[in-house]
Amino acid sequence: MSRLLTEDDLPDLARGAAVLGTGGGGDPYVGRLLVRQAIREHGPITVLDPGELDDDTLVIPTAQMGAPTVVHEKLPRGTEPVAALRALERHLGRTAGATMPIECGGINSMIPLVVAAVTGLPVVDADGMGRAFPELQMETFGVYGVPGSPMAVAGERGETTIIDTGSDNRRMEWLARGVTVRLGGVAHIAEYAMTGAEVKRTAVPRTLSLALSIGRAIRRAREVGADPVAALAEALRGTLYGHLRVLFRGKVSDVERRTEAGFARGRAKAVSFDGRHELELTFQNEHLVAVVDGEVRCVVPDLVCVLESELAEPITTENLRYGQRVTVVGISTPELMRTPEALAVFGPAAFGLPTRSPRWRSATRRRPPSADRGRHGGLRGGRGRLGGGAAGGAGAASWEDAHRAAGRAGAGAGRGRARLRRRRGHPHRRAAAAPAPGRGCERRRARPR
């Protein structure tokens, strides 16, 4: 059923979209300000359920493209997404009947709302990622047969360009990324033009409504002093996502981040509050994989979400800072995103990760503890396995025995070699510690073993 979206809905929607964005999708605060201004100038926005679309309606999704770190310093002008939409309409010789998000995370849940407010078009309550992904070919639209091009790219100075690579969505991403870099690292796009029937067949449905309910659940839990993470888990129960697991609780100890080839890439580390466990996150705009004590706990396409520990406010990758107290959760993705065709496009292998996505077990299913213990202490479930509890948290996604055993063996061997070097005094360490000649002291000879 269609509904009107007002200014009062925006804080909850932005918060929920940031959760689903898995650290990426752009800063939702900036997008919220853009939508607020558009609503004040043009009135409320109509959000249309995908089931209400006519099969022959032309739907053109709109979005922002680029590195989220750039938006901190290069705010959008606000006219770019409508310019991209109009450029693609001129190229197609058709007028759009609706717009839609390409992803439900971060600022890209907001950009179509700006377009809808300014143009008067409805925005479809669905998207093509069910989360946020860093590359344009990583959309369920393309996975299930809708070509991304022709697409339009618009810059802040009125530049527009059309990219048409036919059915090659990967090449479309490559060319559009190059254009975006030359436009200053961020641009706005219109792509994956499709019919209402194709939306119903290929999109992840009702993700705007889900983002709104997630944000509202977290806010209401704070207001009554309840656990906002538990409220988030409850908001997901019964949806296409269904399951949430706490992977880690601790404090951010290191962040390495760089803007490279149009992406924000890097790693972040956190240490548990008792100092006994370590988390490492790898991200490319969005978090891709969470590793606890050398063991993979959650990986794409499942969602890795970093939340502020007290309020469960989502933290984007560009806002991760040393010393933040965080709770990291994993959220399972809809089955539409777990088919072999989907995993070939945005599963672990698409990012060069050596693991596969798990099958999540229903939280209501119970088994005796003796039956649940896996060979390496993990909990078995469904057709995959769920790992044992991380530091301060509940169980999380666990992975293939061979990969896990190899990782542990390598880590153990590395620790053994390090201890041996400390006991014996490794020659490389002695050479590094020896003072250089000519600096006021004599060079010492290393003692023989």
For this session: Can you tell me which residue among Gly148, Gly196, Gly184 is assigned by TED's automatic domain parsing to the domain that holds Ile45, more than 30 Å from Glu310 (Cβ to Cβ), buried (at least 18 other Cβ atoms within 10 Å of the Cβ) and touching a residue at least 60 places away in the same chain (Cβ under 8 Å)?
Result: Gly196
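Which ranges mark the helices (runs of 4 or more DSSP H) fully within the stretch 139-228 that have 3 or more residues being hydroxyl-bearing (Ser, Thr, Tyr) and within 27 Å of Thr339 (Cβ to Cβ)?
Correct list: 207-223.
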For this session: Return a yes/no flag: does the stretch 271-282 have any residue that is surrounded by 24 or more Cβ atoms within 10 Å (Cβ to Cβ) and either among the charged types (D, E, K, R) or farther than 12 Å from Thr22 by Cα (or both).
Result: yes
Exercise. Is at least one residue of the stretch 103-126 in contact with a His (Cβ under 7 Å, 6 or more places away or on another chain), of a type outside the set (Val, Ile, Thr) and either in the same structural domain as Gly178 (by TED's automatic domain parsing) or at negative phi (or both)?
Worked result: yes
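Is the stretch 169-188 home to any residue that is of a type in the set (S, T, N, Q), closer than 29 Å to Arg265 by Cα and at pLDDT 95 or above?
yes
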Problem set entry | Failed item, numbered, when Thr79 is tested on (1) of a type in the set (Val, Ile, Thr); (2) at pLDDT 90 or above; (3) touching a strand residue (DSSP E or B) at 6+ places or on another chain (Cβ under 6 Å) | (3)
Problem set entry | Subset of the stretch 40-63 that is in contact (Cβ under 8 Å) with a residue 40 or more places away in the chain and over 17 Å from Leu208 (Cα atoms) - its residue that is surrounded by the most Cβ atoms within 10 Å (Cβ to Cβ) | Thr57
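The rows are residues; the columns are (1) farther than 26 Å from Glu173 by Cβ; (2) outside the structural domain of Glu308 (by TED's automatic domain parsing); (3) small (Gly, Ala, Ser); (4) assigned to a loop (DSSP other than H, G, I, E, B).
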{"site": "Leu10", "(1), (2), (3), (4)": "yes, yes, no, no"}
{"site": "Leu33", "(1), (2), (3), (4)": "yes, yes, no, no"}
{"site": "Ala38", "(1), (2), (3), (4)": "yes, yes, yes, no"}
{"site": "Val47", "(1), (2), (3), (4)": "yes, yes, no, no"}
{"site": "Val59", "(1), (2), (3), (4)": "no, yes, no, no"}
{"site": "Thr62", "(1), (2), (3), (4)": "no, yes, no, no"}
{"site": "Pro76", "(1), (2), (3), (4)": "no, yes, no, yes"}
{"site": "Pro81", "(1), (2), (3), (4)": "no, yes, no, no"}
{"site": "Leu88", "(1), (2), (3), (4)": "no, yes, no, no"}
Exercise. Looking at Ala371, is it more than 16 Å from the chain's Cα centre (by Cα), more than 30 Å from Lys74 (Cβ to Cβ), surrounded by fewer than 16 Cβ atoms within 10 Å (Cβ to Cβ) and at pLDDT 50 or above?
Worked result: no
For this session: Look at the stretch 268-308 and say how many of its residues are under 16 Å from the mean Cα position of the chain (by Cα) and aromatic (Phe, Trp, Tyr).
Result: 1
Exercise. Under the condition of being touching a strand residue (DSSP E or B) at 6+ places or on another chain (Cβ under 7 Å) and part of a helix (DSSP H, G or I), which residue from the stretch 229-255 is farthest from Leu48 (Cα to Cα)?
Worked result: Val229
For this session: Determine, yes or no, whether Glu73 is within 26 Å of the chain's Cα centre (by Cα) and without any contact (Cβ under 8 Å) to a residue 24 or more places away in the chain.
Result: yes
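Could you please find all residues in the stretch 90-118 being hydroxyl-bearing (Ser, Thr, Tyr) and either under 17 Å from Leu183 (Cβ atoms) or assigned to a helix (DSSP H, G or I) (or both)? It would help to see each step written out before you state the result.
So in the stretch 90-118, the residues hydroxyl-bearing (Ser, Thr, Tyr) come out as 95, 99, 109.
Result: Ser109, single match.
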Seminar exercise, completed: Within the stretch 138-158, the residues that are over 22 Å from the mean Cα position of the chain (by Cα) and modelled with pLDDT of 95 or more are Gly145, Val146, Pro147, Ser149, Pro150, Met151, Ala152, Val153, Ala154
Exercise. Mind checking whether some residue in the stretch 119-135 is outside any loop (DSSP other than H, G, I, E, B), at pLDDT 95 or above and out of contact with any Pro (no Cβ under 8 Å at 6 or more places or on another chain)?
Worked result: yes
Seminar exercise, completed: Listed by range, strands (runs of 3 or more DSSP E) wholly within the stretch 256-331 having at least 1 residues that are under 30 Å from Gly184 (Cβ atoms) and of a type outside the set (Asp, Glu) are 263-272, 278-284, 286-292, 303-308
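The values are calculated or read from the model by the stated rules, or taken from the named source; none is laboratory data. Just so you know, these numbers come straight off a predicted model, no measurement behind them. Heads up, the Cβs are rebuilt from the backbone with ideal geometry, glycines too, and the neighbour counts pull from every protein chain shown.
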